[in-house]
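Take a look at the structure set out below.
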Amino acid sequence: PETAAPNLVAAVSEARHWDQVMAMARIGAFTDADGNEGVNRPCLSALDREARRVLIREAQGIGLGVSVDSWGNLFLRHEGTDATLAPVLTGSHMDSQPNGGRFDGIWGVMAGLEAVRAIREAGIATRRPIEVVAWTNEEGGRFAPGCMGSMAFTGFARPDTWDAVADKDGITVKDALAEHLAAEADLPRRPLGTVEGPAPHAYVEAHIEQGPMLEREGQDVGIVSGIQGSRWFLVEIQGRTDHAGTSPVSLRQDAVQDAVRAITALNALMHDPTDVLRFTVASIEVSPNTSNTVADRVRFTIDFRHPDNVVLQARGNAIEGVIQSALRHCRFSLTERFHAAPVEFQPPVPDALERAARAQGLKAKRMPSGAFHDAQFLVPHCPTGMLFIPCRNGVSHHPAEYASPEALAAGTRVLAQALLELAND
Ligand code: HGY
Ligand code: MN
Ligand code: MN
Ligand code: MN
């Protein structure tokens, strides 16, 4: 592969690549109070479809085939010399957090497109097809949990698992997906992943690090060693409404007071002096949410992560008992919405990425991912790996999220060379 690298590396255009990522980032763009330009591009929305149409036009413009599966996962296909071979798959997601950054997800899709364009412009043939994928709903912002598209694609969950999940406007996944597929009915349909077809030959996802390590250590790229485990829960505490002025506090079933007790008890359960464990309560809904009626219902989310599966199981399984013993006057229900065990990326993908980085004289470091990614669901089906590039101050899920044109291009050059190696093995 070293001999192919020079003209392949040169074929990745930093300026064009930056312009394309920025063109995508303007779809759903907003400027925050500090003047940062972020994006709010919910999955299965008109904005999502607008961005996909830009991507589809770009892909068709360089001769790639376009198709979509029954979960809206979008595929851009570069033909190899042997169409019967399983493709190498690369890509990421195009949906964003509501207060999201311009690079999370979208860069990995655009890096896949630019890498395939560079391979074709360098006139290099690949034995295997290469497909660029944009997964549906990686973020879980509009519809929880995240990674629905890749979980459906890999059979990790049945495709109808989340049909009844509704967004804040009451639109269900089932309806949003039906609307989305109808709007893209002009695109050729393909079988649903490994459920209805063969597994890819390999999967490589390029993504910004979303943490500060690479920048702090002056590394050019991160070769991801694995992804920590994640568990998402929804807690619903049911009390009773009462008049704020007349009802004695001792007789109340105050859902807010019990929610405070529950979250305080969970903080104790999830306390980790080594600061490895990640425990987040970031969405709290109160009903009826008026200042002079005691709350009869509180819903809050739990996002709990840990790299050690023993801890992920033990502490996660203790949540119910801890809430039960913390409540004084209310009942509660606990629903687990997402449970992804930690994964390790085995050879050959990490090694191919590292070889490409070294061949291009880049500083590379093996490192784990604190964020979850669609890649974790491909692990049981094919050799899988991820490439990180530095992002400024490690900021992500925030409009100030930023990666430089040089970093985008360097990451894409490594991705291109690794894809070429995997597509010819
Ligand atoms: O939450 C995550 O880890 C991912 O960025 N959606
Ligand atoms: Mn992401
Ligand atoms: Mn994200
Ligand atoms: Mn991801």
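The values are calculated or read from the model by the stated rules, or taken from the named source; none is laboratory data. Computed from a prediction, not measured in an experiment: that's the story for all the values here. Reconstructed Cβ throughout: ideal geometry from the backbone, glycine too, with neighbour counts over all protein chains shown. For accessibility, only protein heavy atoms count, side chains too; no ligands or nucleic acids. Shrake-Rupley method; radii C 1.70, N 1.55, O 1.52, S 1.80 Å.
How would TYR402, TYR203 rank on accessible area, largest to smallest, probe 1.4 Å?
The ordering from most to least exposed comes out as TYR402, TYR203.
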Students often check this: by mean Cβ neighbours within 10 Å, which of 97-104, 248-255 ranks highest, and how do the rest follow?
97-104, 248-255
Would you work out the charge dipole size for the stretch 344-405 about its Cα centre, treating the Cβ of every Lys and Arg as +1 and the Cβ of every Asp and Glu as -1, and quote it to the nearest 20 debye?
300 debye
Taking the alpha-carbon centroid of each part, what is the distance from the stretch 363-425 to the stretch 85-160 in angstrom?
12 Å
How large is the convex hull of the C-alpha atoms of the stretch 229-340 per residue, in Å³?
93 Å³
Arrange the peptides 271-278, 238-245, 185-192 so that the one whose residues have, on average, the most other Cβ atoms within 10 Å appears first.
238-245, 185-192, 271-278
Can you give the accessible area of TRP162, probe radius 1.4 Å, in Å² rounded to 10?
20 Å²
Would you list the membrane-span-like helices of the chain, meaning whole DSSP H runs whose alpha-carbon atoms span at least 18 Å along their axis and whose mean Kyte-Doolittle value is at least 1.0?
none
Which of THR290, THR280, THR31 fluctuates most in a GNM of the chain (C-alpha springs under 10 Å)? That residue is THR290
Heavy atoms only, probe 1.4 angstrom, no DNA, RNA or ligands counted: give me THR293, THR154 ranked by accessible area, highest first.
THR293, THR154
Kirkwood Rh for the stretch 89-237 from C-alpha pairs, in Å, is 17.7 Å
Under 13 Å from the Cβ of GLY222, count the other residues' Cβ atoms, weight Lys and Arg +1, Asp and Glu -1, and hand me the total.
-2
quick shape note, the chain: Cα extents on principal axes in Å, largest first -> 80, 48, 43
Rolling a 1.4 angstrom probe over the protein chains, ignoring ligands and nucleic acids, what is the accessible area of PHE279 in square angstrom, nearest 10?
40 Å²
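Net charge within 9 Å of ARG41 by Cβ-Cβ distance, Lys/Arg positive one each and Asp/Glu negative one each, not counting ARG41 itself? Before the final figure, lay out the partial values.
Numbers: positive: none; negative: ASP48, GLU50, ASP95.
With Lys, Arg at +1 and Asp, Glu at -1, the neighbours total -3.
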